[in-house]
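Participant: Just dropping this structure here.
The values are calculated or read from the model by the stated rules, or taken from the named source; none is laboratory data. None of these values were measured; they are calculated from a predicted model. Quick reminder, even Gly has a Cβ in these numbers, built from the backbone with ideal geometry, and neighbours come from all protein chains shown.
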Amino acid sequence: MVTQTISSPTYKTPPGPPGYPFVGCLPKMLQNPLQFLMNSALEYGDVVHMGAMGRQQVYLVSHPDHVKYVLQENSQNYAKVKGQTFKELKNIFGESLAVSEGERWRRQRRLMQPSFHRQRIETLVAVMTEAISQMIKEWRSTERGKPFDVSLSIREVTQKIALKALFDVDADSKLKELIGAWDPIYKFVSDRLLTPFKFPVEIPIPSHRRFQEAMLKLNTFIYDTIQERKQGDKQSGDLLSMLLDARDEESGDSMSDLELRNEIIAMFIGGFETSATVLAWTWYLLSKHTSVERKLDAEIAEVLGGRTPTFEDLRHLKYTRMVVEETMRLYPSVWLSTRTSLETDFIGNYRIPAQSSILLSPFVTHRLPSFWNNPEGFDPERFAPEQVAARPRYAYYPFGGGSRYCIGDTYAMTQMQLVIAMVAQKFRLNLFPEHPVERQAGFTLRSRYGMLMTLESKSAS
Ligand code: HEM
């Protein structure tokens with residue numbers, strides 16, 4: 001465990017906004033979490049004391065060097081699954097990779113890593129482009145000038161890709177049902193994520209019932225898929241096959257159906273929700289910044305000349321990637337991560353007691369004026385290599401950092417670049433006039449009222 005050099009004998013409690021007994025700043029935070037966290041960092045600095053929730057002290061840590069310290073340099077002292085948000089996620093994911101710790105986490109990560117290597121992702125490009133082409137066809141047949149919710153449409157295509165790519169399931173027939181199941185689950189988790197005082201899920205109030213029914217649908221689908229695969233002789237080389245073949249190094253045991261279900265559900269949800277959210281924001285930003293859109297179009301035309309992109313092309317679609325990166329700076333889907341300090345520690349000049357809750361918000365760090373000029377402006381050039389090299393590594397961390405770095409980053413970036421390159425070849429998307437656009441910080445950072453847009457064809461092909 002790293003111990004920071006104690007350069008000052010005067011370790012203090014960090015400053016912070018005034019709070020209330022037992023609930024700290026939570027009531028203020030719940031009103032508008034993003035704005036409250038941002039204002040707190042701007043007013044009080046790199047480490048902010050957000051009061052105490054019950055007996056647990058809460059700190060917002062936003063300076064890139066301190067984020068690095070928590071996620072990477074002294075990560076052993078900062079447990080992931082004890083945090084408030086992760087306890088809630090266990091309701092869905094059970095003990096899966098994303099919400100496990102210690103030896104169990106290490107074993108699962110080792111098991112799954114090969115499925116996310118670049119070579120493996122390369123083989124998924126055909127699946128991705130096929131699903132995106134299908135979506136473009138459907139968009140072509142929408143009535144001209146009629147607005148539609150792009151965020152729903154994009155979520156559907158990323159769900160389709162996740163099912164096919166990760167589990168080789170052709171899910172057209174099942175898709176509507178699964179999409180329907182996701183809404184109540186998303187809402188349930190979003191409502192409870194920051195709330196410490198909540199009814200146990202077993203109490204049958206309507207929102208809990210809707211959540212339980214939706215989980216039942218999702219679980220039934222997943223258990224059926226596992227059984228079909230176990231009984232058949234299909235060898236897909238997909239994630240599900242790898243998980244079924246995996247054996248514990250010591251005991252030689254295979255994963256139980258419950259363990260399989262937990263991993264599958266985490267990958268499935270991780271595979272579609274986060275990327276879909278970023279893509280909806282990308283179309284919004286492009287509709288507002290025509291000079292960026294023109295530059296994007298020029299790159300796509302030059303690299304692709306009208307054809308469907310391949311994995312190799314993605315290396316050359318540099319500006320397309322920069323557009324995605326800049327979108328994730330302003331709208332990081334995972335806008336908050338929490339950790340719990342195991343032992344008393346020192347961050348910067350401040351003392352952090354054991355068992356404190358640490359809030360890490362990429363949304364906040366990505367907008368700190370000390371590291372970003374005109375933080376609210378949309379400017380993909382910030383991700384030109386020389387500008388990236390001039391910033392501290394953790395000024396930007398949409399995929400997290402350290403050993404718990406997102407396992408699906410290459411999958412996600414590939415999927416997002418492909419969607420943008422393929423759609424931008426065919427359509428310009430315009431925000432429907434007067435459609436309200438407001439950030440909503442829930443399970444991910446969505447647009448509260450969806451993203452109502454109209455299509456303009458760029459070519460007849
Ligand atoms: C734009 C897309 C995505 C974003 C912004 C994103 C973001 C993140 C972040 C910030 C973390 C770390 C959380 C923490 O340390 O507290 C994480 C972890 C994780 N992500 Fe992603 N993710 C994305 C796509 C995906 C995809 C496509 C998958 C799977 C198919 C995935 C699966 C996971 C898993 C399993 C973890 C936990 C890893 C571990 O703890 O070892 N993510 N992601």
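Participant: Here are some conditions: (1) surrounded by 21 or more Cβ atoms within 10 Å (Cβ to Cβ); (2) within 24 Å of the chain's Cα centre (by Cα); (3) of a type outside the set (Asp, Glu). Residue 311 meets all but one. Which one does it not meet?
Facilitator: Of everything listed in (1) surrounded by 21 or more Cβ atoms within 10 Å (Cβ to Cβ); (2) within 24 Å of the chain's Cα centre (by Cα); (3) of a type outside the set (Asp, Glu), residue 311 misses just condition (1).
Participant: Now, a different point. If you scan region 389-406, which residues turn out to be more than 8 Å from the ligand (Cβ to nearest atom) and out of contact with any Lys or Arg (no Cβ under 8 Å at 6 or more places or on another chain)?
Facilitator: Within region 389-406, 389, 390, 391, 395 qualify.
Participant: Quick one: what pairs do we get from region 95-109, first residue under 14 Å from residue 255 (Cβ atoms) and among the polar types (S, T, N, Q), second assigned to a helix (DSSP H, G or I) and more than 9 Å from the ligand (Cβ to nearest atom), C-beta under 6 Å, 6+ apart or different chains?
Facilitator: What qualifies is 96/262.
Participant: Among the candidates 67, 125, 81, 48, single out the residue that is at pLDDT 90 or above and within 14 Å of the ligand (Cβ to nearest atom).
Facilitator: Being at pLDDT 90 or above and within 14 Å of the ligand (Cβ to nearest atom) holds for just one of 67, 125, 81, 48, which is 67.
Participant: Since residue 386 meets every condition but one in (1) buried (at least 17 other Cβ atoms within 10 Å of the Cβ); (2) of a type in the set (Asp, Glu); (3) over 30 Å from residue 44 (Cα atoms), which condition does it not meet?
Facilitator: Residue 386 satisfies all of (1) buried (at least 17 other Cβ atoms within 10 Å of the Cβ); (2) of a type in the set (Asp, Glu); (3) over 30 Å from residue 44 (Cα atoms) except (1).
Participant: Moving on. If you go through region 146-156 one residue at a time, do you hit one that is closer than 28 Å to residue 212 by Cβ, in a helix (DSSP H, G or I) and among the basic types (Lys, Arg)?
Facilitator: Yes, region 146-156 has at least one match.
Participant: Next question, about the same structure. From the list 71, 111, pick out the single residue that is over 19 Å from the mean Cα position of the chain (by Cα) and either buried (at least 19 other Cβ atoms within 10 Å of the Cβ) or part of a helix (DSSP H, G or I) (or both).
Facilitator: 111
Participant: Which of the residues spanning region 150-186 are at pLDDT below 90, of a type in the set (Lys, Arg) and more than 13 Å from the ligand (Cβ to nearest atom)?
Facilitator: 174, 176
Participant: Answer yes or no: is there a residue in region 370-391 that is modelled with pLDDT under 95 and over 19 Å from residue 322 (Cα atoms).
Facilitator: no
Participant: Could you figure out which of (1) within 11 Å of the ligand (Cβ to nearest atom); (2) touching a Gly at 6+ places or on another chain (Cβ under 9 Å) isn't true of residue 327?
Facilitator: With respect to (1) within 11 Å of the ligand (Cβ to nearest atom); (2) touching a Gly at 6+ places or on another chain (Cβ under 9 Å), residue 327 is out only on (2).
Participant: What's the number of the condition residue 302 fails, among (1) over 24 Å from the mean Cα position of the chain (by Cα); (2) not in a helix (DSSP H, G or I)?
Facilitator: Here residue 302 clears every test but (2).
Participant: Would you point out which residue out of 166, 175, 193, 218 is free of Cβ contacts under 8 Å to residues at least 24 places away in the same chain, surrounded by 14 or more Cβ atoms within 10 Å (Cβ to Cβ) and touching a helix residue (DSSP H, G or I) at 6+ places or on another chain (Cβ under 7 Å)?
Facilitator: 175
Participant: Return yes or no: is residue 115 within 12 Å of the ligand (Cβ to nearest atom), under 22 Å from residue 310 (Cβ atoms) and either of a type in the set (Gly, Ala, Ser) or modelled with pLDDT under 85 (or both)?
Facilitator: yes
Participant: If you don't mind, another one. Please determine whether any residue of region 366-380 is more than 16 Å from the ligand (Cβ to nearest atom), acidic (Asp, Glu) and more than 30 Å from residue 109 (Cβ to Cβ).
Facilitator: yes
Participant: Let me ask you something else. Has region 123-139 got any residue that is farther than 21 Å from residue 276 by Cβ and either not in a helix (DSSP H, G or I) or not small (Gly, Ala, Ser) (or both)?
Facilitator: The answer is yes, given that some residue of region 123-139 is farther than 21 Å from residue 276 by Cβ and either not in a helix (DSSP H, G or I) or not small (Gly, Ala, Ser) (or both).
This table checks each residue for (1) of a type in the set (Ser, Thr, Tyr); (2) surrounded by 14 or more Cβ atoms within 10 Å (Cβ to Cβ).
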{"residue": "354", "(1), (2)": "no, no"}
{"residue": "359", "(1), (2)": "no, yes"}
{"residue": "367", "(1), (2)": "no, yes"}
{"residue": "378", "(1), (2)": "no, yes"}
{"residue": "403", "(1), (2)": "yes, no"}
{"residue": "429", "(1), (2)": "no, yes"}
{"residue": "434", "(1), (2)": "no, no"}
{"residue": "438", "(1), (2)": "no, no"}
{"residue": "453", "(1), (2)": "no, yes"}
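Participant: Here are 282, 327, 320: which of them is buried (at least 22 other Cβ atoms within 10 Å of the Cβ) and in contact with a Phe, Trp or Tyr (Cβ under 8 Å, 6 or more places away or on another chain)?
Facilitator: 327
Participant: Quick one: count up the residues across region 1-26 that are part of a strand (DSSP E or B) and either modelled with pLDDT under 85 or within 15 Å of residue 54 (Cα to Cα) (or both).
Facilitator: Final tally of qualifying residues: 2.
Participant: Please verify whether region 417-426 includes one or more residues that are within 16 Å of the ligand (Cβ to nearest atom), closer than 24 Å to residue 183 by Cα, modelled with pLDDT of 95 or more and not acidic (Asp, Glu).
Facilitator: The answer is yes; a qualifying residue exists.
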